[in-house]
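Right, one structure below, let's go through it.
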Amino acid sequence: MKREITYEDYAKKLTGEYKDAYDKIFVYIKSALSIGDEISPAMNEVVDLLLAAQEDERPVEDVIGNDMESFCEGMVKSNRRSFVYRTLLFMSLYVFIAVLVGGVQICILLYHVFTDEPGAQNPLFTGVDFVGFLSGMLVAFAILGILDLVVKFLVMKIKGFNKKVYSAIYWVAFIGIGSLTVFLISIADFEITIPRIFVIIFCVLYAAGVTIFAKIYRKKYMPQEEEVPPVEIDFADDLFNEVITVMRKRYQKKMEKRAKKGLPELAPLFWYEKEMKKEKIAGIFTNLFLVIIIATAIIEVAQDSEVIDTMIFVIILLALEIPIMYAMNSGTRKRKELYRIMKEKKVDFMSDELYRKVE
Amino acid sequence: MDESQLLKGILEGCVLAIISRKETYGYDIIMQLNNYGFHNIIEGTLYPVLTRLEKRGAVKCRKAKSPLGPVRKYYSITPPGETELKEFRILYENVTDTARHILFDELED
């Protein structure tokens, strides 16, 4: 599995004052850009500028000037998209949801077509509480937009937020507010049902319309830039290196705690073995828990439905569950691989020679 | 009087002149301006200037992977840009000649 190398990977080469400048500029530009603007073009330029200055051993002020805020404002102005483009980009984010909702409605429609008794209501015209869902999404997004502005204002004021904090606030708000809004609407019994056929038509027209219009707009109004072929690395190697970095940090933190308590330092391999054992036990309990959850869900469905419904449900559940479990366990597999390599080569995981080259 | 106010009027022309010599990129332009003696103009001004020049077709931009890794924008002058630079040079000479007379004629007398 491949992934593209981004400016964040290259930014890891920055050190000292160049890294400090990058961190501050990233927070500023991320906060200043609006929804629909892309941070990559600006940050690629910034990282390239700082790497060049670092290589030439020129002070940061030589390339950014004495007023970092003015420099950042200049970068933001240069990379701000037009209002129409940003609106289109924002609407494109919902194309996926429209396809999902339309797809689910079509599946339900086909299910009823093949399983309903003769004389049952035409599934094309069965009411769907789509308006409640849509209202929830729009209200949640409006509140999220206001929160986005408030957070950006606070970030600018405090300027101490780092990328992880900012992302965490954003995702907690998105999930929290979205869920709360839909929950409140459902409590209020705000139900306006519309026929399924109209929901399907709306989703198809939205997805197709936004996609086509966006393509036409880009072709007509956006400058035709030569696309730079992405540089790709193997995700497995990237994850392997990430595991080494994370395990180093955990080991160092643990040894600092032990030193404070007056306990002796543990050999890295010995400590790592203990961590692997803990992880194995935790893994057994997690898998057991998931099996219980899935079994409970299957039994619940089987009690209320016919055998064919239960089978369909189990197949969908497994089809979703297995790739998720595989992805979640990729970190565990890499940690086991690292442990095996450390034992074979008798190499301490603090050693740089463990890192796989990522270019 | 603030030097940056005077520089704002001529920065576009200077940047266009640097780009006209050969295809170049942001860091190189900043270094050349520094070498010529313009040290304090960088704050917030160079990249908007490059964007304005590109939007009106005076320069064209191509993206390529830099030797250091990130995607870099390389700027080169276009035929309309060459014309604009020629006009700027004439205008600059006229303005500076006039300004020199106003500022220094009394002193020379």
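Here, each number is a calculation from the coordinates, and none is a lab measurement. Bear in mind the structure is a predicted one, so any value in this text is a computation, not a measurement. Methodologically, a virtual Cβ is constructed for each residue, glycine included, from the backbone with ideal geometry; neighbour enumeration extends over all protein chains shown.
Here are the numbers for the structure shown:
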read-out: In Hz, Karplus ³J(HN,Hα) per residue of region B:77-85 (6.51, -1.76, 1.60; θ = phi - 60°; x = Gly, Pro); value: 7, 10, x, x, x, 4, 4, 4, 5
read-out: Highest-first arrangement of A:7-13, A:57-63, where packing means the average Cβ count within 10 Å; value: A:7-13, A:57-63
read-out: Per-selection Rg to Rh, region B:63-104 - Cα, Kirkwood hydrodynamic radius; value: 1.36
read-out: Hydrodynamic radius by Kirkwood, which averages 1/r over all alpha carbon pairs of region A:51-90, in angstrom; value: 12.2
read-out: Most fluctuating residue given options B:Leu53, B:Leu91, B:Leu11, as computed from a GNM of chain B linking Cα atoms under 10 Å; value: B:Leu91
read-out: q = 0.11, 0.13 Å⁻¹, chain B: log10 I(q)/I(0) [Debye, one scatterer per Cα]; value: -0.41, -0.55
read-out: Violating pairs (Cα-Cα greater than 32 angstrom) within the set A:Lys13/A:Lys261; A:Lys253/B:Lys73; A:Lys24/B:Lys73; A:Lys278/B:Lys65; A:Lys152/A:Lys280; value: A:Lys13/A:Lys261; A:Lys253/B:Lys73; A:Lys278/B:Lys65; A:Lys152/A:Lys280
read-out: Candidates B:Glu93, B:Glu84, B:Glu54, ranked by Gaussian network fluctuation over chain B, Cα under 10 Å, top entry; value: B:Glu93
read-out: Ranked by how many other beta carbons lie within 10 Å on average, peptides A:96-107, A:66-77 from highest; value: A:66-77, A:96-107
read-out: Greater than 20 Å apart at Cα, pairs in A:Lys30/B:Lys60; A:Lys277/A:Lys336; A:Lys257/A:Lys343; A:Lys249/A:Lys336; value: A:Lys30/B:Lys60; A:Lys257/A:Lys343
read-out: Cα-only radius of gyration and Dmax that characterise region A:21-83, units Å; value: 11.8, 40
read-out: Per-residue average of Cβ from other chains inside 10 Å of B:17-28; value: 2
read-out: Peptide A:7-17 - average C-beta neighbours from other chains (10 Å radius); value: 1
read-out: Average beta-carbon neighbours from other chains, 10 Å sphere, peptide A:78-91; value: 1
read-out: q = 0.14, 0.16, 0.23 Å⁻¹: log10 I(q)/I(0) that the Debye formula gives for region B:21-85, counting C-alpha atoms only; value: -0.44, -0.58, -1.11
